[in-house]
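Asker: Following this message is one structure expressed as structure tokens.
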Amino acid sequence: MVRKITNLAVTLAMLLSALLLALGGCPGDITNGNGETNGDGSLEPVEVREYQGENLSSVNDFRENSIKGPQYVDIENYQLEITGLVENPASYSYDEVIEGYKHYKKVVTLNCVEGWSVNILWEGVLVSDLLAEAKPLPEAKVVIFHAYDGYTTSLPVDYITDNDILMAYMMNEIPLPPERGFPFELVAESKWGYKWIKWVTAIELSDDVDYRGYWEDRGFSNTADLDEGFLGR
Amino acid sequence: MRRATVPGLVRRTIHWLLLAVTILFLITGFGISEFRVVENITLGWLTKSWALRLHDNLWIPFVVLLVLHICLPFVFKGKPKEVEL
């Protein structure tokens, strides 16, 4: 009798796991970029899936794993703050960032600690250009990024400047969808996905080299280098 | 007085352990992909980083127990020796 119950329980657990995995493994599609028409009759931009001979993932290949779900930023009231240890603290609207700085494109792969990855063509401005305008003080060693949902992460100033790190507003030639971080997502290449902060609202220069962001404070590596494990201090 | 056999006890223990590990494997898997829900349900005990740590290492006991679960009936094919519980 006990054996029958055990076998039944194991079978049920395995069936349940298969069902849940099937349900959990279906990321929702994003409507942007499907070639639909806008209200004025113009076509929606369509994402590219190949760039200079390289195959790209789709904007729908991401899994939603933000701390509070997708954020819908009101772009009319949006301001990107550059604060902290800088000579010239600044505040930019979305258009001021897009129109005021040179654009760059890069194909970079995002590797998530959950085991999935996406290869995307990113377009954005260099964070180092924004920093150069703000003139970081000599004691500024760390850049702390703040997001609309309260998420934070940090990266060394040297990493930002040495690697031409982008703050993207386009992916696969379409504007960043809200679910992917509109208006700006950091393209923290060669770092684990939790450094790729979405919905960036502020860039703070700090001398606190021990600063730990949201996931880093919960046991993830602060360096987050892809060639190292993501767990541990 | 209930009577059980040593092989029966071992097999039953392995069945229950396999069930426990399977459920833990599931929960930690969801602790990674659905961390917001799992963290709330477990009152913050099972964080995403803990779920990742556990999930990454659970496959070893899972495979061992699964192999034992499959193979033990063939190992204990002889007449079982009864013991008093």
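Asker: Explain nothing, just compute: Karplus ³J(HN,Hα) = 6.51 cos²θ - 1.76 cosθ + 1.60, θ = phi - 60°, for every residue of the range A:165-175 in order, whole Hz, x for Gly and Pro.
Answerer: Each residue of the range A:165-175 in turn: 6, 8, 10, 8, 10, 10, 9, 6, 6, 10, x Hz.
Asker: Quick check on the range B:3-73: take the gyration tensor over C-alpha atoms, sort the square-rooted eigenvalues as a ≥ b ≥ c, and tell me if it's rounded (a/c under 1.5), prolate or oblate.
Answerer: Numbers: a/c = 4.11, a/b = 2.42, b/c = 1.70.
Because a/c hits 1.5 or more and a/b exceeds b/c, the range B:3-73 counts as prolate.
Asker: Additional query: Along the Cα-to-Cβ line of A:ASP217, 7 Å from the Cα, sits a label point; which residues in the range A:150-165 have backbone N less than 16 Å from it?
Answerer: Residues A:150-155 fall inside that zone.
Asker: Hey, another quick one. Length gain on complete extension for the stretch A:ASP158 to A:ASP61, per 0.36 nm per residue less the alpha carbon to alpha carbon distance?
Answerer: The span from A:ASP158 to A:ASP61 would gain 31.8 nm if fully extended.
Asker: Is there a simple number for the mean count of other chain Cβ atoms within 10 Å of the Cβ of residues in B:47-60, and what is it?
Answerer: Numbers: counts 3, 9, 11, 3, 0, 7, 3, 0, 1, 3, 0, 0, 0, 0.
Taking the mean over all residues of the peptide, I get 3.
Asker: What length, rounded to one decimal in nm, is gained on full extension from A:LYS68 through to A:SER93, with 0.36 nm per residue of separation minus their alpha-carbon distance?
Answerer: Working: separation 25, 0.36 × 25 = 9.00 nm, distance 2.39 nm.
Net length gain for the segment: 6.6 nm.
Asker: Compute the FRET efficiency between A:LYS135 and B:VAL37 as 1/(1 + (r/R0)^6), taking r as their Cβ-Cβ distance and R0 = 41 Å, and round to the nearest 0.05.
Answerer: Numbers: r = 44 Å, r/R0 = 1.08.
After rounding to 0.05, the efficiency reads 0.40.
Asker: Would you kindly derive the ³J(HN,Hα) couplings of the range A:133-147 from the backbone phi angles with the Karplus curve 6.51 cos²θ - 1.76 cosθ + 1.60 (θ = phi - 60°), listing them in order in whole Hz, with x for Gly and Pro?
Answerer: 5, 7, 6, x, 6, x, 7, 6, 10, 10, 9, 9, 9, 10, 10
Asker: Stokes-Einstein at 4 °C, 1.567 mPa s, Kirkwood radius from Cα pairs: D for the range A:90-200 in µm² s⁻¹?
Answerer: Roughly 91 µm²/s, to the nearest whole number.
Asker: Could I ask something else about it? Regarding the range A:165-233, what's the average projected area of the Cα-atom convex hull, expressed in nm²?
Answerer: Computing the convex hull of the Cα atoms and averaging its projections yields 5.3 nm².
Asker: Now, a different point. Charges only on Cβ, +1 for Lys and Arg, -1 for Asp and Glu: so what's the dipole of the range B:3-73 about the Cα centre, in debye to the nearest 20?
Answerer: Values: 6 positive and 3 negative charges, 57 e Å.
I would put it at about 280 debye.
Asker: Pairs A:LYS191/B:LYS48; A:LYS102/A:LYS198; A:LYS141/A:LYS191; A:LYS68/A:LYS135: which exceed 27 Å Cα-Cα? Let's see the in-between values first.
Answerer: Numbers: A:LYS191/B:LYS48 18 Å; A:LYS102/A:LYS198 20 Å; A:LYS141/A:LYS191 18 Å; A:LYS68/A:LYS135 33 Å.
In this structure, A:LYS68/A:LYS135 exceed 27 Å between Cα atoms.
Asker: With each label point set 7 Å from Cα along the Cα-Cβ vector, what nm distance links A:ASP227 and B:PHE74?
Answerer: Computed distance between label sites A:ASP227 and B:PHE74 equals 4.5 nm.
Here, each number is a calculation from the coordinates, and none is a lab measurement. The structure displayed is predicted, hence computed values, not measured ones. When we count neighbours, we look across all protein chains shown, and the Cβ atoms used for this are built from the backbone with ideal geometry, even at glycine.
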